[in-house]
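The values are calculated or read from the model by the stated rules, or taken from the named source; none is laboratory data. Every value quoted in this text rests on a predicted model; they were computed, and no experiment measured them. Backbone-built Cβ (ideal geometry, glycine too); neighbour counts: all protein chains shown. We work out accessible area using only protein heavy atoms, side chains counted, and drop any ligands, DNA or RNA first. Shrake-Rupley method; radii C 1.70, N 1.55, O 1.52, S 1.80 Å.
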Amino acid sequence: MALTGYSWLLLSATFLNVGAEISITLEPAQPSEGDNVTLVVHGLSGELLAYSWYAGPTLSVSYLVASYIVSTGDETPGPAHTGREAVRPDGSLDIQGILPRHSGTYILQTFNRQLQTEVGYGHVQVHEILAQPTVLANSTALVERRDTLRLMCSSPSPTAEVRWFFNGGALPVALRLGLSPDGRVLARHGIRREEAGAYQCEVWNPVSVSRSEPINLTVYFGPERVAILQDSTTRTGCTIKVDFNTSLTLWCVSRSCPEPEYVWTFNGQALKNGQDHLNISSMTAAQEGTYTCIAKNTKTLLSGSASVVVKLSAAAVATMIVPVPAKPTEGQDVTLTVQGYPKDLLVYAWYRGPASEPNRLLSQLPSGTWIAGPAHTGREVGFPNCSLLVQKLNLTDTGRYTLKTVTVQGKTETLEVELQVAPLG
């Protein structure tokens, strides 16, 4: 009697031999997607009539891949045949261009002339060639100790193992504590500045590995340790003594990300300066006082400040007049700057030449307003510190200028200065 195809299935339930010595090995042992694979059969005994291969956990017809008749070499595909399987005469099963869906349990059933059957079990795990994963972030710019970092390693391969890298190296311990059980999500509450940097995830299996492009995380913090420097020396909270008519540069520094915005104040009044340094080009008594730098971080919404007191040095106490610039030219402005003017000043007057009424340029009253005198040309401006600005100089402005001051106690002092205006060219 000749039996073909599914006829062997009808007999297998009655004559199944559970004491089989059949073993099945996989070549190659760890196949990757697209490989040609053979389930090699070992331990066959006796004169066999047929083989049946199943791709599934039981000897169910729905799992049947193919049946093979030894005497004729005829192979009959079953419901589970994918078009890639072929049975060898020795019972082994070839799978061409294997795919991940071929993974699972395989069962070989043999039939001998006594119509007894034996079974052997094998397992196939097809490892796919992994695509590059992507790191997804809830945000790439976070505020220190306030925000939570959440990174997810996105990969179309759910069975692949995942590992993380920070700046190309191993993940710090504090960050490893935030990994989800499957390693695909990294969370860090209260992110720290030292955790800013490049993050990557890598997926791998026994035959493939793929690493994501880095995603760069910025952590905002500060400003902290705001300080004012002079010549690289911290002067915060100090008094800086400066010689008259010399320059001074104050630098504001802090630890902050991003770089903060700077606001300078002088005696509580804001200055028009948005830089990290402040220049005092020509020190006078009018510039004595408290200078404060305020650093503001627009990301953290925090701010900090530092202050210094700037005073004229002791050598500058004596009252004197210094033209600034010292050698003005025709068409320039000049300021006759008064060093060490009386602190208890009541009124003052400037004269073009000797201190007489016809020569008076202007007078400064206790109210702070000034009154033009007979010699006023419309180009002279007075300041509370007794200084005199002469605008758009001409050669006739060359000569003597006299300052007369009167204190609250009635003390009168007269000072003179010679101004030399150089011609153009």
Odd one out for Pro342, checked against (1) open to solvent by 40 Å² or more (accessible area, probe 1.4 Å); (2) assigned to a loop (DSSP other than H, G, I, E, B):
(1)
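Whether any residue in the stretch 251-268 is modelled with pLDDT of 85 or more and in contact with a His (Cβ under 6 Å, 6 or more places away or on another chain) is what I want to check. Show your work before the answer.
Applying the first criterion (modelled with pLDDT of 85 or more) to the stretch 251-268 yields 251-268.
Those still in the list that are in contact with a His (Cβ under 6 Å, 6 or more places away or on another chain) too: 251.
Yes, there is a match, as at least one residue in the stretch 251-268 is modelled with pLDDT of 85 or more and in contact with a His (Cβ under 6 Å, 6 or more places away or on another chain).
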Which numbered condition Ile69 misses (of (1) without any contact (Cβ under 8 Å) to a residue 24 or more places away in the chain; (2) more than 60 Å from the chain's Cα centre (by Cα)):
(1)
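The rows are residues; the columns are (1) in a strand (DSSP E or B); (2) in contact with a helix residue (DSSP H, G or I) (Cβ under 9 Å, 6 or more places away or on another chain); (3) assigned by the TED database to the domain that holds Asn245.
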position: Val263; (1), (2), (3): yes, no, yes
position: Ala286; (1), (2), (3): no, no, yes
position: Thr292; (1), (2), (3): yes, no, yes
position: Thr298; (1), (2), (3): no, no, yes
position: Val338; (1), (2), (3): yes, yes, no
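Could you say which residue among Ala295, Ala349 is small (Gly, Ala, Ser), open to solvent by less than 40 Å² (accessible area, probe 1.4 Å) and in contact with a Gly (Cβ under 7 Å, 6 or more places away or on another chain)? Walk me through how you get there before you give the answer.
On the way: Ala349 fails: in contact with a Gly (Cβ under 7 Å, 6 or more places away or on another chain).
Of Ala295, Ala349, the one residue that is small (Gly, Ala, Ser), open to solvent by less than 40 Å² (accessible area, probe 1.4 Å) and in contact with a Gly (Cβ under 7 Å, 6 or more places away or on another chain) is Ala295.
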Within the stretch 318-325, is there a residue that is open to solvent by less than 40 Å² (accessible area, probe 1.4 Å) and in contact with a helix residue (DSSP H, G or I) (Cβ under 9 Å, 6 or more places away or on another chain)?
no
In the stretch 198-219, residue surrounded by the fewest Cβ atoms within 10 Å (Cβ to Cβ) [restricted to those that are among the hydroxyl-bearing types (Ser, Thr, Tyr) and in contact with a Leu (Cβ under 9 Å, 6 or more places away or on another chain)]:
Thr218
Considering only the stretch 167-190, I want to know if a residue exists there that is touching a residue at least 60 places away in the same chain (Cβ under 8 Å) and either farther than 30 Å from Ser281 by Cβ or of a type in the set (D, E, K, R) (or both).
no
Filtering the stretch 28-80 down to residues that are modelled with pLDDT of 95 or more and more than 19 Å from Thr110 (Cβ to Cβ), which residue is least open to solvent (accessible area, probe 1.4 Å)?
Val37
Single unsatisfied condition, Ser313 versus (1) of a type in the set (S, T, N, Q); (2) under 22 Å from Gly289 (Cβ atoms); (3) more than 56 Å from the chain's Cα centre (by Cα); (4) surrounded by fewer than 17 Cβ atoms within 10 Å (Cβ to Cβ)
(3)
Residues of the stretch 129-149 being touching a Gly at 6+ places or on another chain (Cβ under 9 Å) and either open to solvent by 20 Å² or more (accessible area, probe 1.4 Å) or among the basic types (Lys, Arg) (or both), in sequence order, are Ile129, Glu144, Arg145, Arg146, Asp147, Thr148
For Ile280: the one exception among (1) open to solvent by 30 Å² or more (accessible area, probe 1.4 Å); (2) over 29 Å from Gly190 (Cβ atoms):
(1)
One residue is enough: does the stretch 74-81 have a residue meeting the conditions among the hydroxyl-bearing types (Ser, Thr, Tyr) and without any contact (Cβ under 8 Å) to a residue 60 or more places away in the chain?
no
Of those in the stretch 81-114 that are among the β-branched types (Val, Ile, Thr) and open to solvent by 40 Å² or more (accessible area, probe 1.4 Å), the residue nearest to Pro28 (Cα to Cα) is Thr105
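One residue is enough: does the stretch 99-110 have a residue meeting the conditions among the small types (Gly, Ala, Ser), without any contact (Cβ under 8 Å) to a residue 60 or more places away in the chain and assigned to a loop (DSSP other than H, G, I, E, B)?
Going through the stretch 99-110, the residues among the small types (Gly, Ala, Ser) turn out to be 103-104.
Those left that are additionally without any contact (Cβ under 8 Å) to a residue 60 or more places away in the chain: 103-104.
So of that shortlist, the ones also assigned to a loop (DSSP other than H, G, I, E, B) come out as 103.
Among the residues of the stretch 99-110, at least one is among the small types (Gly, Ala, Ser), without any contact (Cβ under 8 Å) to a residue 60 or more places away in the chain and assigned to a loop (DSSP other than H, G, I, E, B), which makes the answer yes.
Taking the condition modelled with pLDDT of 50 or more, surrounded by 13 or more Cβ atoms within 10 Å (Cβ to Cβ) and touching a strand residue (DSSP E or B) at 6+ places or on another chain (Cβ under 6 Å), does Leu16 pass?
Working: modelled with pLDDT of 50 or more: no; surrounded by 13 or more Cβ atoms within 10 Å (Cβ to Cβ): yes; touching a strand residue (DSSP E or B) at 6+ places or on another chain (Cβ under 6 Å): yes.
No, not satisfied.
Conditions tested, residue by residue: (1) closer than 27 Å to Leu142 by Cβ; (2) open to solvent by less than 60 Å² (accessible area, probe 1.4 Å); (3) outside the structural domain of Thr140 (by the TED database); (4) among the polar types (S, T, N, Q).
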position	(1), (2), (3), (4)
Ala187	yes, yes, no, no
Ala196	yes, yes, no, no
Thr233	no, no, yes, yes
Thr236	no, yes, yes, yes
Ile240	no, yes, yes, no
Thr246	no, yes, yes, yes
Leu250	no, yes, yes, no
Val253	yes, yes, yes, no
Ala270	no, no, yes, no
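Being in contact with a Pro (Cβ under 8 Å, 6 or more places away or on another chain) and open to solvent by 80 Å² or more (accessible area, probe 1.4 Å) is the filter; apply it to the stretch 368-419 and report the residue that is nearest to Leu345 (Cα to Cα). Before you say what the answer is, go through the steps one by one.
The initial filter retains those residues of the stretch 368-419 that are in contact with a Pro (Cβ under 8 Å, 6 or more places away or on another chain), namely 368, 374-375, 393, 395, 400, 402, 405, 407, 411, 413, 417, 419.
Pick out the ones that are also open to solvent by 80 Å² or more (accessible area, probe 1.4 Å) and you get 374, 395, 400, 411.
Details: Pro374: 23, Leu395: 32, Arg400: 23, Lys411: 9 Å.
Filtering the stretch 368-419 for residues that are in contact with a Pro (Cβ under 8 Å, 6 or more places away or on another chain) and open to solvent by 80 Å² or more (accessible area, probe 1.4 Å), the one nearest to Leu345 (Cα to Cα) comes out as Lys411.
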